[in-house]
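These notes are about the structure you will find just below.
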Amino acid sequence: MATLITGIGELTTNDAELGKLGDAALVLDGGVVAWAGPAGRAPAADERVDVEGRAVLPGWVDSHTHLVFAGDRTAEFEARMAGKPYTAGGIAVTVGATRAASDEELTRNLSRHVDEAAAQGTTCLETKTGYGLTVADEARSARIAAAVADEVTFLGAHLVPPGADAESYVDLVCGEMLDAVAGHVRWADVFCETGAFDEAQSARVLKAAAERGLGLRVHGNQLGEGAGVRLAVEYGAASVDHCTYLSDEDVAALAASDTVATLLPACDLSTRQSLAPARRLLDAGATVALASNANPGSSYTTSMAFCVATAVLQMRMTIDEAVWAATAGGARALRRDDVGVLRAGARADVHVLDAPSVTHLAYRPGVPLTYGVWRGGDRIR
């Protein structure tokens, strides 16, 4: 059944030809956008929904989350707020809880967070393994994630498990573990950072994943300048995520490449790091995405609107740049062109704001502005 969404006061399409439209309409049919344009030219449809002057944009594309987990890290958060610095080692706490949880508990927790994100306008979501760190637990996490999330990434190289030898563990990640998850994931990732995996180890993981036909992603440059950006660009990774500390060479390399710089402002705030240099990246010509990094340790939020507001208010992005980064930018980071955009043929992922323009996302920070959500043509809110 075709649905006409009309009365759109401001339509953000992210399409180069359509641009941003006033007094606009959309037709959704068969799970895709059938038509987009001025309301006066809209074709007939089976159902008509008048959004009465509200703003409409593509659903958020959250290209970086860690939602296959169990347990709680409130104590770690409280310690950070009291002045203890963030380190990568806290991941081990979640690993223990995740290993102890049942499949049903992990599925229920993942589904709850995906539903929470969808209620706020997130219609395409990536999530990672990385809290199992054994062959069986990583394979289980990948299987559970594949049943719920849009995109799944293998992150066996998240942390060396306590008591394990780093080189032997990398051997396991690149061999038996990668073989066990490959049928359930599209991507592989590595945490190239002090306290996690060094440059040589990270390169081994990326090479092994690429040889098995997986797309590549990199956690990099979160705690300081390092090899993450350089490796991501060298290996043609779709994205390098965090990018909190960048040299001029890193910025230039990203600008000259197809690798997306995915910025995670909620994580920077929660860990009391500096905010990523969004303005430097954009001014240099790099492609920027925004994502939530939703996880129990360093960024326990599913609110992409919060990330957009932070990017505008504190990272010197314009509202249009931030909205693009949280929609089309996320799609670029996932190498997709069917989401993050509203044009004929795109997936019918629609986010209606209870506001006349997207500017209100930053103008009214913290206010829940999601009025309606369609995902794949089905209205879910």
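Of the residues Ala322, Ala276, which single one is in contact with a helix residue (DSSP H, G or I) (Cβ under 9 Å, 6 or more places away or on another chain), assigned to a loop (DSSP other than H, G, I, E, B) and in contact (Cβ under 8 Å) with a residue 12 or more places away in the chain?
Working: Ala322 fails: assigned to a loop (DSSP other than H, G, I, E, B).
After applying the criteria, what remains is Ala276.
Restricted to region 104-122, and to residues that are among the polar types (S, T, N, Q) and touching a Phe, Trp or Tyr at 6+ places or on another chain (Cβ under 9 Å), which residue is farthest from Glu151 (Cα to Cα)? Reasoning before the result, please.
First, the residues of region 104-122 that are among the polar types (S, T, N, Q): 107, 109, 111, 120, 122.
From what's left, touching a Phe, Trp or Tyr at 6+ places or on another chain (Cβ under 9 Å): 109, 120, 122.
Numbers: Asn109: 17, Gln120: 19, Thr122: 13 Å.
Top of the filtered list is Gln120.
Among the residues of region 206-229 satisfying the criterion of being open to solvent by 10 Å² or more (accessible area, probe 1.4 Å) and touching a residue at least 40 places away in the same chain (Cβ under 8 Å), which is nearest to Thr244 (Cα to Cα)?
Leu223
In region 149-164, is there at least one residue being farther than 30 Å from Ala305 by Cα, of a type in the set (Asp, Glu) and open to solvent by 20 Å² or more (accessible area, probe 1.4 Å)? So that I can check it myself, show each step before the final result.
Pass one, region 149-164, residues farther than 30 Å from Ala305 by Cα: 160-164.
Still in the list and also of a type in the set (Asp, Glu): none.
Checked region 149-164: no residue is farther than 30 Å from Ala305 by Cα, of a type in the set (Asp, Glu) and open to solvent by 20 Å² or more (accessible area, probe 1.4 Å).
Could you tell me whether Arg143 is charged (D, E, K, R), surrounded by fewer than 24 Cβ atoms within 10 Å (Cβ to Cβ) and over 27 Å from Cys243 (Cα atoms)? So that I can check it myself, show each step before the final result.
Working: charged (D, E, K, R): yes; surrounded by fewer than 24 Cβ atoms within 10 Å (Cβ to Cβ): yes; over 27 Å from Cys243 (Cα atoms): yes.
It is true that Arg143 is charged (D, E, K, R), surrounded by fewer than 24 Cβ atoms within 10 Å (Cβ to Cβ) and over 27 Å from Cys243 (Cα atoms).
State all residues of region 55-84 that are surrounded by 22 or more Cβ atoms within 10 Å (Cβ to Cβ) and in contact with a Pro (Cβ under 7 Å, 6 or more places away or on another chain); if no residue qualifies, say none.
Passing the criteria: Ala55, Phe69.
I need the full set of residues from region 1-41 which are open to solvent by 10 Å² or more (accessible area, probe 1.4 Å), touching a helix residue (DSSP H, G or I) at 6+ places or on another chain (Cβ under 7 Å) and of a type in the set (A, V, I, L, M), in order please.
none
Restricting to region 29-57, count the residues that are part of a strand (DSSP E or B) and touching a Lys or Arg at 6+ places or on another chain (Cβ under 9 Å).
5
Considering only region 177-197, I want to know if a residue exists there that is open to solvent by less than 10 Å² (accessible area, probe 1.4 Å) and among the small types (Gly, Ala, Ser).
yes
The values are calculated or read from the model by the stated rules, or taken from the named source; none is laboratory data. It should be emphasised that the depicted structure is a prediction, and the values quoted were computed from it without experimental measurement. Virtual Cβ from ideal backbone geometry, glycine too; neighbours counted across all protein chains shown. The accessibility values were calculated without ligands, DNA or RNA, using every heavy atom of the protein model including side chains. Shrake-Rupley method; radii C 1.70, N 1.55, O 1.52, S 1.80 Å.
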